[in-house]
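K.L.:
One structure, pasted below without further comment.
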Amino acid sequence: MTFYQGTNGRVAVLIPGRSYSPNHPLLYYAREVLLVQGWSVEEVWWNPEDLASEEAVIRRVEAVLDTVTDPSPLVVGKSLGSLALPLVVQRGWSAIWLTPLLNDPELIAALKNVKSKTLLVGGTADDCWDSDVARGASGAQVLELPGADHGLEISGNPLASVELLKEIVATMTLFVESL
């Protein structure tokens with residue numbers, strides 16, 4: 001884990017994807033958005049044993065979440081990290097889910113019980129994204145990106161991908177400002 005100290009007493013936890021570390025663009029800029037606004041940021045980095053199964057991922061994330069003392073933290077999860085969604089919903093915490101696994105029945109069920117501010121970000125060219133499930137999430141804000149894949153990029157078009165990243169960062173900035 002890597003910890004960045006903020007100035008406002010608020011804490012965010014970044015949970016990466018299987019092959020998408022906190023140094024990849026979406027999570028890197030999520031961290032930057034949070035730090036600029038004074039949040040402390042705890043980044044989860046996977047150990048090989050954490051990736052042995054979905055249950056191992058959930059155990060690892062739950063152990064990290066159990067250390068959070070901020071009464072209203074923010075969780076930012078990418079792809080595999082969205083397996084923590086039911087835990088976060090149960091705790092009533094706010095979250096940003098980047099390419100959540102909206103084809104997982106447990107996540108779909110948990111989204112129907114969201115009570116705190118939640119942002120779902122996904123692309124229409126991502127097999128794990130389901131527009132209907134996202135829009136049916138209880139009160140969640142949705143940013144759906146036409147043609148974006150699971151990396152929230154437009155395959156073969158780096159300039160379009162950078163434009164998407166700009167839109168995602170702007171949306172995350174406004175979302176974090178609203179907390």
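K.L.:
With respect to the numbered conditions (1) buried (at least 19 other Cβ atoms within 10 Å of the Cβ); (2) in contact (Cβ under 8 Å) with a residue 24 or more places away in the chain; (3) touching a strand residue (DSSP E or B) at 6+ places or on another chain (Cβ under 6 Å), which one is the sole condition not fulfilled by VAL114?
P.N.:
Unmet condition: (3).
K.L.:
So which residues in region 154-179 are more than 16 Å from the chain's Cα centre (by Cα) and part of a loop (DSSP other than H, G, I, E, B), if there are any at all?
P.N.:
Selection gives ILE154, SER155, GLY156, ASN157, SER178.
K.L.:
In this structure, does SER161 turn out to be closer than 19 Å to ALA30 by Cα, exposed (fewer than 12 other Cβ atoms within 10 Å of the Cβ) and not charged (D, E, K, R)?
P.N.:
Criteria not met by SER161.
K.L.:
Which residue is most open to solvent (accessible area, probe 1.4 Å), if the candidates are limited to region 164-174 and must be within 17 Å of LYS78 (Cβ to Cβ) and without any contact (Cβ under 8 Å) to a residue 60 or more places away in the chain?
P.N.:
Restricting to residues being within 17 Å of LYS78 (Cβ to Cβ) and without any contact (Cβ under 8 Å) to a residue 60 or more places away in the chain, the top hit is GLU167.
K.L.:
Examine region 135-150 for a residue that is open to solvent by 40 Å² or more (accessible area, probe 1.4 Å) and either part of a helix (DSSP H, G or I) or among the basic types (Lys, Arg) (or both), and state whether such a residue exists.
P.N.:
Yes - at least one qualifying residue is present in region 135-150.
K.L.:
Separate question: Condition (residue is touching an Asp or Glu at 6+ places or on another chain (Cβ under 7 Å), without any contact (Cβ under 8 Å) to a residue 60 or more places away in the chain, open to solvent by less than 70 Å² (accessible area, probe 1.4 Å) and closer than 19 Å to HIS150 by Cα) applied to region 87-96: is it met by at least one residue? If you could, list the steps in order and put the result at the bottom.
P.N.:
At the first step, the residues of region 87-96 found to be touching an Asp or Glu at 6+ places or on another chain (Cβ under 7 Å) are 87.
Right, trim to without any contact (Cβ under 8 Å) to a residue 60 or more places away in the chain and you get 87.
Still in the list and also open to solvent by less than 70 Å² (accessible area, probe 1.4 Å): 87.
Applying the additional criterion that residues be closer than 19 Å to HIS150 by Cα yields none.
No.
Condition check ((1) surrounded by fewer than 22 Cβ atoms within 10 Å (Cβ to Cβ); (2) of a type in the set (Asp, Glu)) across all residues:
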| residue | (1), (2) |
| --- | --- |
| ASP50 | yes, yes |
| ILE58 | yes, no |
| VAL64 | yes, no |
| THR69 | yes, no |
| SER72 | yes, no |
| VAL76 | no, no |
| ALA84 | no, no |
| ASP104 | yes, yes |
| ILE108 | yes, no |
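The values are calculated or read from the model by the stated rules, or taken from the named source; none is laboratory data. None of these values were measured; they are calculated from a predicted model. Don't worry about glycine lacking a Cβ; one is built from the backbone with ideal geometry, like all the others, and counts go over all protein chains shown. The area values use the complete protein model at the heavy-atom level, side chains included, leaving out ligands, DNA and RNA. Shrake-Rupley method; radii C 1.70, N 1.55, O 1.52, S 1.80 Å.
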